[in-house]
Amino acid sequence: MHYLSTRNSEINESFLNILFQGLSKEGGLFLPSEWPSVSVKNLYDKSYNEVALEIIYPFIKDNISKNDLQLIINKTYQNFDNKNIAPLVEIEKNKFILELFYGPTFAFKDYALQLLGNLFSHLLEKSNRKITILGATSGDTGSAAIEAFKGKNNIEVFILHPHKKISEVQRRQMTTVLDKNVNNIALKGTFDNCQKIVKDLFVDSINQSQNSLVAVNSINFARLIFQTVYYFWAYIQSKQQKVSFVVPSGNFGNIFSARIAKFMGLPIEKLHIVTNSNDILHRTIKDGKMKINEVQQTYSPSMDIQISSNFERQLFESSKRNSQKIIEIMNSFFKKNEENLSDDILNDLQSIYTSHAVSNSETLKTINHYKKEYDYLSDPHTATGLFVLNKISNENPTISLACAHPAKFSDAIFKATNEKPFIPERLKKIFDQKEKMTILDNDFEKVKLHIKNKL
Ligand SMILES: *Cc1c(COP(=O)(O)O)cnc(C)c1O
């Protein structure tokens with residue numbers, strides 16, 4: 001297996017190379033040359049860690065031994081706060097919730113980033129190399145990355161978040177980590193602005209051939225396959241023949257991980273994309289018109305995104321891996337802020353995905369409804385998915401993803417239920433700790449200089 005780029009299907013890169021890069025030279029995203037298939041029935045008796053090994057190993061087998069990989073996986077999930085790692089809850093016949101908030105920062109990002117942190121350490125130990133981690137966060141990636149890389153040798157971490165546009169818990173989870181190798185930048189702009197600057201920094205560093213910048217956003221392909229594991233795990237636990245998934249979406253990373261599971265042979269019926277009022281994905285799937293609107297602030301900040309990076313990976317697959325076509329689509333999209341997809345691409349998208357946009361008030365109502373009806377308290381991101389789960393018939397088994405712990409978003413929970421959620425001890429302590437961050441203008445050169453001076 002080798003890796004190619006959505007904007008150049010001719011290149012031939014190793015897993016190790018794409019792991020330590022952000023984007024390809026052409027600005028594209030990396031994908032494997034083919035999708036390995038996995039026999040689901042051989043997974044039934046396995047633990048989460050063993051399933052993870054079977055799913056991940058085919059992608060990275062040229063660069064690591066199976067034994068080492070299993071040790072790294074075991075080390076990663078031993079600290080998770082549930083013996084099932086990602087437990088499946090059946091709330092009603094054929095309706096399930098997959099809980100993904102048992103990692104150190106209480107959101108699903110931990111499942112991939114904790115593993116990425118340990119994998120990086122393992123590989124760097126051998127190579128004597130230094131790397132700089134660079135990422136933009138709409139809330140949860142940043143803390144998960146900081147938690148995964150804090151205090152690690154030979155790794156410097158820079159995380160950009162949109163100033164005043166994430167929840168207090170999300171901010172404090174990042175800014176109260178005082179390790180010297182952790183640098184928080186609060187950018188006076190939106191998440192899309194943060195992501196743009198990060199992408200431009202990657203292109204800039206490629207141009208200057210200082211390839212020590214490493215991406216930990218879901219543009220990093222490794223994160224996607226690490227997330228693919230829990231879709232297999234959910235399926236096994238559900239004991240169903242075929243399932244659909246409901247995935248609250250922002251950057252299209254988590255749901256593309258589900259798409260990968262389907263490529264690898266998991267019997268998935270439908271993938272439901274759920275957005276909040278930042279509904280570009282919904283509009284695109286509905287009628288093929290990709291059009292950027294202003295970003296709106298909602299109760300689900302990790303989904304307040306208009307430009308979903310990973311959608312390019314899906315477009316590449318839907319265009320039958322035609323990188324020339326992707327270059328045309330993306331160039332035109334970024335020039336005009338809109339693009340109409342061709343019928344063949346749209347038909348392919350609609351054959352797999354269904355989409356939904358959920359408003360702020362529907363989100364709060366859903367939190368309240370699930371609390372009353374099922375005594376189930378969900379965070380606002382999870383609630384956008386539960387709104388959809390509640391609407392669809394229970395004839396087809398459907399699994400909705402619980403993306404974060406409600407305690408991370410206590411203001412929204414209070415608005416919805418008139419009660420504050422229970423806050424776990426581990427989360428409470430950040431409220432009286434000192435914070436460290438630098439506030440910067442939304443200006444590429446200023447951010448670049450700031451980072452340069454620190455290195
Ligand atoms: C990151 C995140 C999302 C969106 O996931 P994508 O992979 O960006 O689509 C949704 N909910 C929560 C809680 C998140 O942290």
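Which of the GluC sites (Glu not before Pro) across the stretch 265-318 are loop residues per DSSP, with 14 or fewer other Cβ within 10 Å? Working shown, then result.
Details: sites: Glu269, Glu294, Glu312, Glu317; in loops: Glu294.
Of the GluC sites (Glu not before Pro), the ones in loops of the stretch 265-318 whose Cβ has at most 14 other Cβ atoms within 10 Å are Glu294.
Based on DSSP, what percent of beta bridges with both residues in the chain are antiparallel, to the nearest 5? Taking every DSSP beta bridge with both residues in the chain, the antiparallel ones total about 25 percent. In this calculation the C-beta distance from Asn8 to Lys61 is compared with R0 = 25 Å, giving a FRET efficiency of 0.60.
With 5 Å bins beginning at zero, the pair-distance distribution over Cα atoms of the stretch 94-204 amounts to 2, 12, 21, 22, 20, 12, 6, 3, 1, 0, 0 %. Farthest toward the positive end of the dipole of the stretch 332-404, out of Ala402, Phe333, Asn360, is the Cα of Asn360, where the dipole comes from beta carbon charges about the Cα centre. For the residue pairs Lys130/Lys180; Lys199/Lys336; Lys25/Lys152, alpha carbon separations beyond 22 Å are given by Lys25/Lys152.
So, with a 1.4 angstrom probe, what is the percent of accessible area on the stretch 11-50 that is carbon and sulfur?
C and S fraction of accessible area: 42 percent.
The residues of the chain have, on average, 40 Å² of accessible surface per residue, using a 1.4 Å probe with all protein chains present. Once the C-beta distance of Asn82 and Glu168 is scaled by a Förster radius of 22 Å, the resulting FRET efficiency is 0.30 to the nearest 0.05. For the stretch 337-365, the residues whose backbone nitrogen is under 16 Å from a point 7 Å from the Cα of Arg283, taken along Cα to Cβ, are 337-341, 355-359.
Applying the criteria of a DSSP loop state and at most 12 other Cβ atoms within 10 Å to the trypsin sites (Lys or Arg not before Pro) of the stretch 362-455 yields Lys434.
Inter-label distance, Lys434 to Phe263: 4.6 nm, where each label sits 7 Å from its Cα along the C-beta direction.
Once both labels are positioned 7 Å from their Cα atoms along Cα-to-Cβ, the gap between Glu328 and Lys446 label points is 4.0 nm.
Accessible area, 1.4 Å probe, largest first: how do Lys83, Lys286 sort?
Details: Lys83 195, Lys286 120 Å².
Listed by decreasing accessible area, they come as Lys83, Lys286.
Assuming 0.36 nm per residue, please report the length gained on full extension of the stretch Arg321 to Glu373 beyond their Cα-Cα distance.
Details: separation 52, 0.36 × 52 = 18.72 nm, distance 4.52 nm.
Here the answer is 14.2 nm.
Set the Förster radius R0 to 60 Å, insert the Cβ-Cβ distance between Ser359 and Asn17 as r into 1/(1 + (r/R0)^6), and round the FRET efficiency to 0.05. That gives a FRET efficiency of 0.90. When the charge dipole of the chain is built from unit charges on Cβ atoms (+1 for Lys and Arg, -1 for Asp and Glu) and taken about the Cα centre, the candidate among Phe20, Phe108, Ser212 whose Cα reaches farthest toward its positive end is Ser212. Among Asp62, Asp179, Asp379, the order of accessible area from largest down is Asp62, Asp179, Asp379, computed with a 1.4 Å probe on protein heavy atoms.
The values are calculated or read from the model by the stated rules, or taken from the named source; none is laboratory data. These figures come from a predicted structure and were not determined experimentally. Here Cβ is always computed from backbone atoms with ideal geometry, including for glycine, and neighbour counts include all displayed protein chains. All accessible areas refer to the heavy atoms of the entire protein, side chains included, with ligands and DNA or RNA removed. Shrake-Rupley method; radii C 1.70, N 1.55, O 1.52, S 1.80 Å.
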